[in-house]
Amino acid sequence: MEIKKIECPTEITLSQYIDHDIDIQRIVDIEIHISKCDECLKKVRRLTEYHESLKALKAKSEFFECYKNSNEDILSMPAASSANNNSVAIATTKDGKYTIKVVPFLHENSFMIEVQVLDKNLHGTLIIENEDGVIIKAPIVNGFAREEIHNRIDLKDVSIRVEVEK
Ligand SMILES: [Zn+2]
């Protein structure tokens, strides 16, 4: 039988694989792939942990309303203290452009920031920054920008913007 080389699956596909939200042939393909690709295996472990954190912490989710200032959405929410006590902070900007989730990993001092861009016409790179500089800078893929951070941050008065693709 001919062995077909599969390219590394995208993070979205790996997420779907973890959630079993994908057809059985694709699951087999991915399992064959991660048995040979350390990088993807690592990604699957990270994503699995992230998904478990999400599930475990869902009950504790808190919602915050955020504020908009022209092109920049100024957030004001106590995400750092939430991260401290293992809850997920979720914020939706007032104009409904973004939903921001800060999810602490269960076993480490790191967090996943996940931003859902609700405006489907916004494409490009999403940037969250505070006065100390850029916190995350991540491409928007299928409406989501996601990045892991290792320092505890305070999301109070950070700004969020999208650098539009030219
Ligand atoms: Zn791979």
Among V115, V44, rank each residue by its count of other Cβ atoms within 10 Å, from fewest to most, as a rough exposure measure. V44, V115
Order of K42, K101, K120 from fewest to most other C-beta atoms within 10 Å? K120, K42, K101
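The numbers here are math on the coordinates, done by the rules we state, and not lab data. The model shown is predicted, which means the values in this text are computed figures rather than measured ones. Positions of Cβ are backbone-derived with ideal geometry, glycine not excepted, and every protein chain shown enters the neighbour counts.
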